[in-house]
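A quick write-up on the structure given underneath.
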Amino acid sequence: MNNTKVVLKDQTKVALCLRSAGALLPCYHRSMLTPDLAALDRDDPLAPLRARFRLPEGIIYLDGNSLGALPADVPAHVAAVTETQWGEGLIRSWNNHDWIDLPARVGNRIAPLIGAAAGTVVAADSTSVNLFKVLVAALRLRPGRRVILTEAGNFPTDAYMADSVARLLAEEHEVRAVPASALPAALTADVAVLLLTEVNYRTGARHDMAGLTAAAHAAGALAIWDLAHSAGALPVGLATADADFAVGCGYKYLNGGPGAPAFVYVAPRHLATYAQPLEGWLGHAAPFAFADTYHRAAGIDAMRVGTPPILALSALDKALDAFAGVDLAALKAKADRLFDIFLSTLAAEGQPLECLTPADPHRRGTQVSLRHPEAYAVMQALIARGVIGDFREPDILRFGLTPLYLRHVEVAAAARILAEILATRAWDLPQYRRRAKVV
Ligand SMILES: *Cc1c(COP(=O)(O)O)cnc(C)c1O
């Protein structure tokens, strides 16, 4: 809490700085910074990582949990792949540039970020599609058990996919969604699969992956983890936790770009036996034998379905360079510091909001979720002032604290701008209530 006190002590200076500038934003990175926040940034060993990203001037980006920022090297890499590998290499690049194994190469680069061994992760499809594949594969490994157990309030696509899989299979299955606290007791003898998202998209609460996986195994069930809000945000220990399957997003904390390919993990002990239901030709043991019947590839390659999107995969591949040499525990520690600065600054400005995110750093990811009855309008007012977070139903202001590219001063400035919007009711305008298609 030392950092928090520092921030409180210096609040007046930052407030004066922000208010005297008319347009609130530009001043926070000029010379009028409070010395202590500036010192936190100066002494931050992660600060140089920001240079690996391209961020627009005048924007404080607190939505990297929804769409990661653009890594600086990605545009030139995608251009080179397009012009040279596609334009000149044409179809020869499947071999000459090994496009065919790019999904496995990218998977092997994601593996260390999620505590997985090489050969257990592949980049493919979307998280939604991968959920379908691992749910069916897991249920097939637990014949005779009928229940998919999940948390009430899981991300919609996880819930929808579980419902659909339950209806689809010949032996009728059932989805049970219970509150997080009721999960251990709900692991009864009829549960085939425990399907959970490690960090909740709405609240930022984090499950005990190792503990719940062990509880699932003790009950004879398998555990599937959705890492959409943890991969690239904090240390994830799939192998240590002994998880059975996992899926996750390429476009959130991994910064792979809008709609980037997702990834899927299979525990080594299941690699020889799992059977995913989308039997496409590139999951075949010998795609170019063009055989009439499907024989699955060995290992993780059987999670592949169709032709990989090489341009999108190349962007994700290059984006992963940003993690080179990065200590994920240090990333999480910085996110925790940013969390304290954000909330203490808001409180010091006299505008504390109810926080849905757990106070215990071990129980949360790297976002902060605050409640306000007019959260949608408040967020639009924030965005109009250059502070980009997002809104989640029904009343949540969500801010992603992505320490790869955020400065301490920015997070304090964002909290101050939020406080100002709340104090002046600047959000109370009709244009801020108009809902866009994407929120
Ligand atoms: C973002 C997110 C997804 C997204 O799935 P897509 O198929 O990429 O749209 C899935 N699950 C969780 C928990 C998420 O947060």
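Read-outs throughout are calculated quantities, based only on the coordinates presented, and are distinct from any laboratory measurement. Fair warning: this is a prediction, and the values are worked out from it, not measured in the lab. All Cβ positions, glycine included, derive from the backbone under ideal geometry; neighbour counts span all protein chains shown.
Can you tell which of P156, Y294, S344 lies farthest toward the positive end of the dipole of the chain, using +1 and -1 charges on the Cβ of basic and acidic side chains (Lys, Arg; Asp, Glu)?
Farthest towards the positive end: S344.
For n ≥ 4 DSSP H runs only, could you compute -39500 (n - 2.57) per run for the chain, divide by its residues and tell me the 222 nm figure to the nearest 500?
Rounded to the nearest 500, the figure is -10000 deg cm²/dmol.
In degrees from 0 to 90, rounded to the nearest 10, what is the angle of the helix 310-319 Cα long axis to the longest principal axis of the chain?
50
Restricting to the range 74-323, what percent of DSSP beta bridges are antiparallel, rounded to 5?
So the antiparallel bridges amount to about 35 percent of the total.
With +1 on each Lys and Arg Cβ and -1 on each Asp and Glu Cβ, how big is the dipole of the chain about its Cα centre, in debye rounded to the nearest 20?
700
At a temperature of 20 °C and a viscosity of 1.002 mPa s, determine how fast the range 74-323 diffuses translationally according to Stokes-Einstein, using the Kirkwood radius over alpha-carbon pairs as Rh; express D in µm²/s, rounded to the nearest whole number.
116
Mind putting a number on the dipole of the range 74-323 about its Cα centre? Charges go on the C-beta only, +1 for Lys and Arg and -1 for Asp and Glu, and I need it in Debye to the nearest 20.
I would put it at about 180 debye.
Relative to the first principal axis of the alpha-carbon coordinates of the chain, what is the inclination of helix 209-218, with its axis defined by its Cα atoms, in degrees from 0 to 90 and to the nearest 10?
Compared with the principal axis, the helix lies near 30 degrees.
So for each of 48-55, 147-154, 121-128, 287-294 I average, over its residues, the number of other beta carbons within 10 Å; can you give me the resulting order with the highest mean first?
Result, highest mean first: 121-128, 147-154, 48-55, 287-294.
Enter the angle in degrees (range 0 to 90, nearest 10) between the Cα long axis of helix 328-348 and the first principal axis of the Cα atoms of the chain, meaning the one along which they spread out most.
40
Can you list residues from other chains, or at least 5 along the same chain, whose modelled amide H is less than 5 Å from the amide H of G250?
HN-HN under 5 Å from G250: A262, F263.
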